[in-house]
Amino acid sequence: MDYFIQQLINGITLGGVYALIALGYTMVYGVIQLINFAHGEFFAAGGYMGVILLNWFIGRGYMSTHPMICIGASVVLTMGYCAFLAMGVEKIAYKPLRSASRLAVLLSALGMSIFLQNAMMLTQGVFDKPYPIELAEGSLTVGGITVSYLQVIIVVFTVVLLVGLNLLVFKTRIGMAMRATAQDKVMSSLVAISSNRIISLTFAVGAGLAAAAGIMVGFYYGSVRYDMGFVPGIKAFAAAVLGGIGNITGAMLGGLIIGMVEVFGAGYISGQYKDVFAFIILIAVLYFKPTGIMGENVDDTRV
Amino acid sequence: MRKRILFTAVAGLALVALLAAPAVAKTLKIGSMSPLTGPYAADGNDIANGVRCAIDMINASGGIPGYDKIELYPQDTACDPKQAVAAANKLINIGVVGVIGAYCSSSTIPASEALAEEDIIMITPASTNEKVTERGLPYMFRMCGRDDDQSKVAGKFIKEALKAKSIFIVDDKTTYSQGLADNVAKECKKLGIKVLGHDHVNQGDKDFSALLTLAKSKKPEVFYMCLQNHSSGSLMAIQAKRMGLKAKILSQDAMYHPNFIKVAKDAAEGIYVTYGYVDTTTDAYKKYEALYTKKYGEIGAYATYAYDAATVLLKAIKNAGSTDPAKIKAEIMKMNFEGASKWIKFKPNGDSSSNYIVFVIKNGKYIKYWGPEKGFF
């Protein structure tokens, strides 16, 4: 039983990270029906920006005097940076192709992904970059179960972000505008909603969440690497499809499911098949429910 | 017109002189095979330079009696089996006495078969696959270690130094890492160490929490971490520490990399690593280092083995006083001296002694810890 609970905790942590990345895929898809393959790179860029900012704070000596402010500022600035990066990417790679075929935009997204990944490799080097500090060392042991404080922080922070996003989308005027744009671009622009601005905003929010995931993963795994965005990006995309692409609640659920399946597959059957399990679940669900788990109820929860 | 005739005549004469020159001077021809282009070009050029350095060293000590000069014919294999066979045939046509190479085991094996038909001696400085010397070829030798040497040292270390009775093994499914992990598992079973589990991860995985939870639940005394790449290794070490895995961690040569410690930081402390050790304090190494660095720059990974391989070949030719392969082989088998990379002594199948020892990471440094012959340092 201890073993099961321990694996459950591992699964929730991993699933939370996937969920944060998956949201970006799903939100962008909801608004412009584009699968933004460059999204995984925002996650990696977030991880790198975290290292750079933390090192900067340490270099100035602020880290030893105000550690919490420095870490908080790093997280916020990283999210902000990636939000702007995503808006830039959108302006350069997607906006000019707004009226082109969807295949052209998809290719542009793939190209952007390769470009960003190589840019990170060239500017940051091919070797892993270690995270300079450890956040919340130590762990909680109850019976045979070990939960590190960092895991707790990650889960709590993920929940906060998810709740915040829900509030943004469902309780604010901006959120309403986003949902309106997702449903009908022509109609929403007739009621004075600038679809270009909303699209930019959607990219920014999605990338900000991915950046938060990137910096948390950096803390959690202790290092970042230029190609770290690829595999989690694919998994998060799978999570978004599993939950029903375009559906925010679905993406959260999908992320959790993919994380759990991976961990339990590895823990109970074999580690070498863990990716296989994640995708078997995806295929099985899509076979019976092609729109994904939450995909039916399109109009209310779609962004 | 007359000018052109004159020019042609002069050029012709020069050509004759060029062609005639080698016929007058007696040249010893040896070949080298390594990837001089492509992704492994750095290692391949190190090999060629190591051989050149050995020739320089022999020349400095008076050369080989009966020959005016030693000529090296470096060939590019590009780590491609087809190109390696073509290179071997080219060297056969040139008429070399012996060949140092190749680099990739997959090139060495087919090339050695072509060379074997002509009874040409081949000494590989870098191919670690067992098969290289397991095919019964009489003139195939190996200067570097073998893949299964490492597992034997690991097994012995677990049994004799750690005195452990159980082990959990993980690899990342590459030919190299899985082969090594399988051998370690076999070795442990032979020594009566219980293998509690042998699991695999994927290349590029970042999250090992599920696997480590599994390993922890089995309570092994030793956790054998066999990964192709030090970057996954450092991630696994960090997560193992955080998870509270109590087993001692033993790993292999890929973790002998400064970046492993740089990323894993204190999670790397106390991890054991098996690694082919080159003692840089011996006289033989220092002599080689002085000559090599002066002419060819920084010493690369395989240059030292290539240097030793070429030294063995040239010394054997010198001692035999002949280019007859059987006589050279007899001399190679008699070799027993301190080389630059290790103590050189060949076994009947063509392998030379293994130099794997165990290091422990202490205060961010690899410290010599235990050797299969010497025990604790």
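Annotations
- Within segment A:1-36, the only residue that satisfies the criterion of being within 11 Å of chain B (Cβ to nearest Cβ) and free of Cβ contacts under 8 Å to residues at least 60 places away in the same chain is A:PHE4.
- Residue in segment B:147-169 that is more than 14 Å from chain A (Cβ to nearest Cβ), among the charged types (D, E, K, R), in contact with a strand residue (DSSP E or B) (Cβ under 6 Å, 6 or more places away or on another chain) and in a helix (DSSP H, G or I) present: yes
- Residues within segment B:298-323 that are within 19 Å of B:PHE337 (Cβ to Cβ) and β-branched (Val, Ile, Thr), tallied: 4
- Identity of the residue in segment B:170-184, open to solvent by 10 Å² or more (accessible area, probe 1.4 Å) and in contact with a strand residue (DSSP E or B) (Cβ under 7 Å, 6 or more places away or on another chain), that ends up nearest to the other protein chains (Cβ to nearest Cβ): B:LYS173
- Just one of the listed residues (B:SER151, B:SER166) is of a type in the set (Gly, Ala, Ser) and surrounded by fewer than 19 Cβ atoms within 10 Å (Cβ to Cβ), namely B:SER166.
- Screening the candidates A:GLY24, A:GLY47, A:GLY16, A:GLY11 for the property of being in a helix (DSSP H, G or I) and farther than 24 Å from A:VAL261 by Cα yields one hit, A:GLY47.
- Selection of first residues in segment B:258-283 that are in the same structural domain as B:LYS241 (by TED's automatic domain parsing) and free of Cβ contacts under 8 Å to residues at least 40 places away in the same chain and of second residues that are small (Gly, Ala, Ser) and part of a strand (DSSP E or B), restricted to Cβ pairs under 8 Å at least 6 apart or on distinct chains, gives the following pairs, ordered by first then second residue: B:VAL263/A:SER223.
- Residues satisfying the stated conditions in segment A:163-179, i.e. open to solvent by 30 Å² or more (accessible area, probe 1.4 Å) and of a type outside the set (Gly, Ala, Ser): A:VAL163, A:ASN166, A:LEU167, A:LEU168, A:PHE170, A:LYS171, A:THR172, A:ARG173, A:ILE174, A:MET176, A:ARG179
- Here B:ASN202 meets each of (1) open to solvent by less than 20 Å² (accessible area, probe 1.4 Å); (2) in contact with an Asp or Glu (Cβ under 7 Å, 6 or more places away or on another chain); (3) polar (S, T, N, Q) with one exception, condition (1).
- For the condition part of a strand (DSSP E or B), open to solvent by less than 70 Å² (accessible area, probe 1.4 Å) and aliphatic (A, V, I, L, M), B:ILE328 does not qualify.
- Failed item, numbered, when B:LEU196 is tested on (1) in a strand (DSSP E or B); (2) facing chain A (nearest Cβ under 9 Å); (3) more than 28 Å from the chain's Cα centre (by Cα): (2)
- Of all residues making up segment B:204-231, the number that are under 24 Å from the mean Cα position of the chain (by Cα) and either free of Cβ contacts under 8 Å to residues at least 24 places away in the same chain or at the interface with another protein chain (Cβ under 10 Å from one of its Cβ atoms) (or both): 3
- Any hit, segment A:281-302, residues being small (Gly, Ala, Ser), touching a residue at least 24 places away in the same chain (Cβ under 8 Å), closer than 30 Å to B:SER231 by Cβ and crowded, with 24+ Cβ neighbours inside 10 Å: no
- One residue from A:GLY208, A:GLY214, A:GLY229, A:GLY246 being at pLDDT 90 or above, open to solvent by less than 10 Å² (accessible area, probe 1.4 Å) and away from every other protein chain (no Cβ under 14 Å): A:GLY208
- Complete set of residues in segment B:84-95 that are closer than 11 Å to B:ILE30 by Cα and surrounded by 24 or more Cβ atoms within 10 Å (Cβ to Cβ): B:LEU91
- Of the residues in segment B:262-277, none is at pLDDT 90 or above, open to solvent by less than 40 Å² (accessible area, probe 1.4 Å), of a type in the set (A, V, I, L, M) and within 30 Å of B:ILE64 (Cα to Cα).
- The single residue among B:SER112, B:SER127 that is part of a loop (DSSP other than H, G, I, E, B), open to solvent by less than 20 Å² (accessible area, probe 1.4 Å) and under 14 Å from B:GLY350 (Cβ atoms) turns out to be B:SER127.
- Candidates are the residues of segment B:21-72 that are of a type in the set (Lys, Arg) and surrounded by fewer than 20 Cβ atoms within 10 Å (Cβ to Cβ); the one that is modelled with the highest pLDDT is B:LYS29.
- For segment A:252-281, the set of residues classified as small (Gly, Ala, Ser) and closer than 12 Å to A:VAL17 by Cα consists of A:GLY254, A:GLY255, A:GLY259, listed by residue number.
- Some residue of segment A:184-192 being within 14 Å of another protein chain (Cβ to nearest Cβ) and open to solvent by 20 Å² or more (accessible area, probe 1.4 Å): no
- Meets criteria (modelled with pLDDT of 90 or more and out of contact with any Cys (no Cβ under 6 Å at 6 or more places or on another chain)) for B:ILE299: no
- Note on segment A:249-271: residues that are open to solvent by 50 Å² or more (accessible area, probe 1.4 Å) and more than 20 Å from A:ILE5 (Cβ to Cβ) amount to 2.
- Of the residues making up segment A:267-289, those that are assigned to a helix (DSSP H, G or I) and either away from chain B (no Cβ under 14 Å) or touching a strand residue (DSSP E or B) at 6+ places or on another chain (Cβ under 8 Å) (or both) are A:GLY271, A:GLN272, A:ILE280, A:ILE281, A:LEU282, A:ILE283, A:ALA284, A:VAL285, A:LEU286, A:TYR287, A:PHE288.
- The test for being among the aromatic types (Phe, Trp, Tyr) and open to solvent by less than 30 Å² (accessible area, probe 1.4 Å) holds for B:TYR285.
- The set of residues in segment B:262-286 that are within 14 Å of chain A (Cβ to nearest Cβ) and basic (Lys, Arg) comprises B:LYS262, B:LYS265.
- Of B:GLY297, B:GLY233, B:GLY244, B:GLY321, all but one fail to be farther than 27 Å from B:GLU373 by Cα, open to solvent by less than 10 Å² (accessible area, probe 1.4 Å) and of a type outside the set (A, V, I, L, M, F, W, C); the exception is B:GLY233.
- When A:SER223, A:SER148 are screened for being within 14 Å of chain B (Cβ to nearest Cβ), farther than 22 Å from A:ASN36 by Cβ and without any contact (Cβ under 8 Å) to a residue 60 or more places away in the chain, only A:SER148 passes.
- Every residue from segment A:96-117 that is open to solvent by 60 Å² or more (accessible area, probe 1.4 Å) and assigned to a helix (DSSP H, G or I): A:PRO96, A:ARG102, A:LEU103, A:LEU107, A:LEU110, A:ILE114, A:PHE115
The values are calculated or read from the model by the stated rules, or taken from the named source; none is laboratory data. Small disclaimer: the values here were computed from a predicted structure and weren't measured. FYI the Cβ positions are ideal-geometry reconstructions off the backbone, even for glycines, and counts take in every protein chain you see. Side chains included, ligands, DNA and RNA excluded: accessible areas come from the protein's heavy atoms. Shrake-Rupley method; radii C 1.70, N 1.55, O 1.52, S 1.80 Å.
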